[in-house]
Amino acid sequence: MKRILALGLIVSTVALIAVGVITLYDYNLSVGRMWQTPAIKPYEKPIPVMADGSMPVAGGEALYRAAAAETITPTFLLTDPASIAAGKTAYQRYCIQCHGQKFDGYGTVGQSFAPPPGNLRTAKIQSMAAGMLFKEISYGIPDGRQPALATTMTVDERWQAIAYVKSLGQRQ
């Protein structure tokens, strides 16, 4: 019985010493455990002031989302050959997987959808206003399969893709 009591006393003493050493390490040394580091206490130092021009104060994506489709206009001519060429690149990067090489909705991913993505050379798409296409590309089609690409494509890339699609003309 004395041995068990002595062993319990020794274990308790070792545990108390360990707790004391850990506490000393945490509170008195500059290399404390992670909960004592500045990464966990980020507001102990003043937050630096942002440089002028780093946050938009006018324009931006929110204005496009709030605007009516009829009022949205491109920042350049959609018939400009350079814009059309850049649009082809944007189409190949972001759109071809669903709409396909023939613009008919039977791309690698699009062919698995039922119904397939829209044919971009139909009269409906070709006659649609550029602002409406911009909103559908940017924010998706409600109850449709067109994903919102506003966070994926820049504003210019979206307009360039529209220029490219409009340059295709109607399928004969």
Distance between modelled label sites at ALA51 and MET132, nm, 7 Å Cα→Cβ extension: 4.3 nm
Under 12 Å from the Cα of LYS88 - aspartates and glutamates, other chains or at least 8 residues apart: GLU157
FRET efficiency for VAL109 and ASP80, using Cβ-Cβ distance with R0 set to 30 Å, rounded to 0.05: 0.50
Förster radius 45 Å - calculated FRET efficiency between THR71 and GLN101 (Cβ-Cβ, nearest 0.05): 0.85
Backbone HN-Hα couplings from phi across segment 9-20 [Karplus 6.51/-1.76/1.60, Hz, Gly and Pro as x]: 5, 5, 4, 5, 5, 5, 5, 5, 5, 4, 4, x
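Only the coordinates and a few stated rules stand behind these numbers; no lab work does. Please read these numbers as outputs of a predicted model, since none were measured by experiment. Virtual Cβ from ideal backbone geometry, glycine too; neighbours counted across all protein chains shown.
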